[in-house]
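Here's the structure, in structure tokens; my notes come after.
Bear in mind that the values in this text are calculations on the coordinates, not laboratory data. None of the values given here were measured: they were computed from a predicted structure. Ideal geometry is used to build each Cβ from the backbone, glycine not excepted, and the neighbour counts take in all protein chains shown.
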Amino acid sequence: MEIGIDLGTTNSCVAYIDQDGNPQIIPNDEGGRTTPSVIFFEEDRVIVGNQAKEEALIHPEDTVSYIKRHMGDKDFKYARKDGQIFSPEDLSAIILKKLKKIAEDYLGQEVDAAVITVPAYFNDAQRKATQDAANIAGLKVLKIINEPTAAALAYGVGKETGDQTIMIYDLGGGTFDVVIMRLEEGELRVLATNGNRQLGGFDFDNALLSYVIDYLEEKYDLDVYEDPYIIEDLRERVEDAKKALSTKTKTNIIINAGGVRDRLEISQDLFNSMIADDVQRTCDMMTFTLEDAGLDWADIDKTIFVGGSSRISLVRQKVEDLVGKKPSFELNPDEVVAIGAAIQASILAGEDRPDQNISGTKIIDVNSHSLGFATNNDQNVLMNSIMIEKNTPLPAEATNSFYLLNENQQALNIKICEGEDQDINYVTIISDTTIQLPESPRRERAEVQVTYSYDADGIIHVDVFDVTTETLMRAVDLERPSNLTKQEILEKKNTISHLEID
């Protein structure tokens, strides 16, 4: 059985396609349609979800959240009291195992495969880390799909929408994406994408939290920064206040910290002023994306909101003012991504359904970052030479020729870059890989072709071709410094499989 998973920063969601061909959200064991992406480490078991979020108020040092923001970061580690170390892949795998269990308990059958969503602006390391987490969790990844693409799929499949150009504004708990797509009969084509991997509702929470902390210091000379228990309690309260201010003009934050009991009134206007700069950044990215697509605002037929933070009143007003027409509210922003993932999972599984609600919609996505390699320019300065431009339809590939410097050359070093700048200091080095050469091409000036490619999941691959013998030397197993090795994945899969996860 295959499912669709929206692996979110603050909350995750699971969906499947029922026997009538209709997408359905799978509720968790408490009846919730989303599950907090929070982990609590108890002595003999691991808890994921609402209870873990509640435990954070009492045991903040044993609780970990916002893991998605650390995907692809090899330096991030979470250490348990017993000294056990967990990587972002481990932690995401724990959440995925919980979601897998939720689906299996609800469906009454084994779930072995999933389509998992990621932000469109995730880079290669973050996508690979998500794939590895699913592998560790015991899930076969049918596809890694971009969250806005999944949302558009949920919007367009099985509906008489006609040909449309749509903009997806996806503002979640920790990330932001904006994507422009062309929806035509049987095809969903991404025209342009942009985003920020470190911008979302978490940042709005932090702005409000900082305001409350400053208030306590100024009025009561109370410094709470070093008290994790107070911080967790205040974080819970400011998150509730943020949600309330999406529909109310004012709300109260009840403070009970360090002997201080107070009621702090927060108006919608005050909150909007705290987050105005961040919201404007999302609007600027909308404009950049429109330019990349070669369109005008009049060409956008519909704007669709995705992600819980898109409910914020300032966000909705600014987007409407910029686009010039009211956005669509027909889809639940918390659930639409999981539904789209489930639709894609069903299509990839090739299952026959009693009706045709789920069809073989063709998806043509694009790469969110340019792909290149490091090379010396005429001044012998290392620079990024772009091979595949940003917003190129996927899959995509480009080939570059290298000429050996001497007949005894035994290796070829390739630095693969991801980013838009020519300056090597402002792009991400995805891989610094040394390719061992066979005997045949080792004479001076022998030509070796290196083909760089993005697959349909947006993950990078490299092949090396010996022009002299017209043979594919090998597909390069990229050394990714930000990701796990195959051996590490196997070891972590064994470790996580022995955890009792509730």
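Each Lys and Arg Cβ is given +1 and each Asp and Glu Cβ -1; about its Cα centre, segment 371-487 then shows a dipole of about 240 debye.
Amide H to amide H distances under 5 Å link L191 with I180, M181, R182, where only residues 5 or more positions off or on other chains count and H is placed in the peptide plane.
Taking the helices alone, the chain has a mean residue ellipticity at 222 nm of -9500 deg cm²/dmol, built from -39,500 (n - 2.57) per DSSP H run of at least 4 residues and averaged over all its residues.
Computed extension gain for L348 through D477, at 0.36 nm per residue and net of the alpha carbon distance, reaches 43.8 nm. Among E104, E320, the order by Cβ neighbours within 10 angstrom, fewest to most, reads E320, E104. Plainly put, segment 10-99 has a radius of gyration that is 1.03 times its Kirkwood radius, both from alpha-carbon atoms, as the Rg/Rh ratio. Over segment 371-487, the alpha carbon radius of gyration divided by the compact-protein estimate 2.2 N^0.38 Å works out to 1.08. The dipole here belongs to the chain: it is taken about the Cα centre, uses +1 on the Cβ of Lys and Arg and -1 on the Cβ of Asp and Glu, and is about 240 debye. Across segment 309-412, Cα-Cα pairs more than 19 Å apart make up 72 percent of the total. In loop segments of segment 148-209 as defined by DSSP, there are no chymotrypsin sites (Phe, Trp or Tyr not before Pro) with at most 13 further C-beta atoms inside 10 Å of their C-beta.
Length gained on full extension, I254 to D227, computed as 0.36 nm times the residue gap minus the Cα-Cα distance: 8.0 nm. The simple spin-label model puts a point 7 Å past each Cα toward its Cβ; for T433 and N406 those points are separated by 2.6 nm. Considering only Q422, T392, L382, the residue lying farthest towards the positive end of the dipole of segment 371-487 is L382, judged by Cα position with unit charges set on Cβ. Label separation (L499 vs E218): 4.2 nm, computed from points 7 Å beyond Cα along the C-beta direction.
Put +1 on the Cβ of every Lys and Arg and -1 on every Asp and Glu Cβ in the chain; which of S431, V323, I102 then has its Cα farthest towards the positive end of the dipole? My answer, from the dipole projection, is V323. By other beta-carbon atoms within 10 Å, ranking Y78, Y452 with the fewest at the front produces Y78, Y452.
Each label point was placed 7 Å from the Cα along the Cα-to-Cβ direction; for R445 and D73 their separation is 5.0 nm. Would any residue of segment 176-209 have its amide N under 16 Å from a label point 7 Å out along Cα→Cβ of D284? List them or say none. 176-178, 194-200, by backbone N distance to the label point. Arranged from fewest to most other beta-carbon atoms within 10 Å of their beta carbon, E470, E232 become E470, E232. Please find the FRET efficiency linking E54 to T469, where r is the Cβ-Cβ separation and R0 is fixed at 51 Å, and quote it to the nearest 0.05. Once the sixth-power term is evaluated, E becomes 0.20.
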